[in-house]
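A.B. asks: Let me begin by handing over the structure; questions about it come next.
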Amino acid sequence: MVRNHRLWEVFLMTQLLYPYDALHSEAELLEHATTDDMANRLDYFLKRPKTCPHGGVIPDANGNYVHQSTTPLADLQPGAKATVERVMDESNLLDFLSVIDIKLNDEVLAVDNSNGGITLRVSRTGKVVMVKSEFAQGIFITSPEIIAANK
C-alpha cells in the first residue's frame with residue numbers, strides 16, 4: 001500500500017499539478033483501487049521515482065527500499081548543519097513549511113534549540129525561521145555531525 005500511495009502522490013503532483021498539501025487524501029483513495037499491474041505501469045510512466053513529494057522512499061515492486069533518516073530536526077544542536085530529507089504527510093506541518101518556505105533538500109543551520117522550538121537559518125533563502133518542537137519532530141534530516149556520531 002505504501003508504494004501505491006506514494007506513486008499516486010507523485011502522479012497527482014507532477015501530472016495533475018495537485019498542491020503539496022492535497023496529495024495525501026487523494027492518494028489515500030486511489031491506493032486501495034490500485035492493482036499490482038497498475039502500480040507497475042504507473043511506476044514506469046513516472047520513470048521510476050525514488051521518493052514521493054514528501055521525501056518518503058518508494059519501495060520497488062518487491063517491497064525493497066533504501067533506508068532513510070529517522071533523525072528529527074528537533075535533535076539538531078546549535079551550530080550544526082543538516083539537510084531536510086523528508087517530512088511527515090500532515091496538513092498542518094505542510095502548510096507551516098509552505099509559509100516559512102522550507103523545502104526538501106534545503107540545507108539548514110541550527111541557530112538555537114530551546115524555548116519549545118528550533119531556530120534555523122535556511123541556506124537557500126537566507127531566512128532565519130523558528131520551528132516549533134511539535135513540527136520539528138515531523139521533519140527528518142541528514143546531518144554529517146549526526147551521521148558521524150552514530151558510527
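Here, each number is a calculation from the coordinates, and none is a lab measurement. Remember, predicted model here, so these are calculated numbers, not experimental data. Don't worry about glycine lacking a Cβ; one is built from the backbone with ideal geometry, like all the others, and counts go over all protein chains shown.
A.B. asks: At 7 Å along Cα-to-Cβ for each site, give me the label-to-label distance between Thr119 and Asp36 in nm.
C.D. replies: Simple spin-label model gives 5.4 nm for this pair.
A.B. asks: Please give every one of the aspartates and glutamates within straight-line cross-link reach of Lys47, meaning a C-alpha to C-alpha distance under 13 Å, and leave out same-chain neighbours fewer than 8 residues apart.
C.D. replies: Asp60
A.B. asks: Which of the lysines could be linked to Lys103 by a straight reach, that is with a Cα gap under 19 Å, when you skip same-chain ones fewer than 8 residues away?
C.D. replies: Lys50, Lys81, Lys127, Lys132
A.B. asks: Beyond 18 Å, what share of the Cα-Cα pairs of the stretch 1-67 remains, rounded to the nearest whole percent?
C.D. replies: Taking all Cα-Cα pairs of the stretch 1-67, the fraction more than 18 Å apart is 26 percent.
A.B. asks: Further, regarding this structure: Under a GNM of the chain (C-alpha, springs under 10 Å), which listed residue has the highest mean-square fluctuation: Thr34, Thr71, Thr51?
C.D. replies: Evaluated over the chain, the most mobile residue of the options is Thr34.
A.B. asks: Extending each Cα 7 Å along its Cβ direction at Ser91 and Lys50, get the distance between those two points in nm, one decimal.
C.D. replies: Taking the simple label geometry, Ser91 and Lys50 are separated by 3.2 nm.
A.B. asks: Can you check what the net charge comes to around Asn92, using other residues whose Cβ is under 15 Å from the Cβ of Asn92 (Lys, Arg +1; Asp, Glu -1)?
C.D. replies: That works out to -4.
A.B. asks: Percent relative contact order of the chain, based on C-alpha pairs within less than 8 angstrom and at least six residues apart?
C.D. replies: 22
A.B. asks: Looking at (i) 49, 42, 24; (ii) 48, 48, 23; (iii) 48, 35, 23, which value of Cα extents along the principal axes in Å comes from a calculation on the structure shown?
C.D. replies: Structure-derived value, by its label: (iii).
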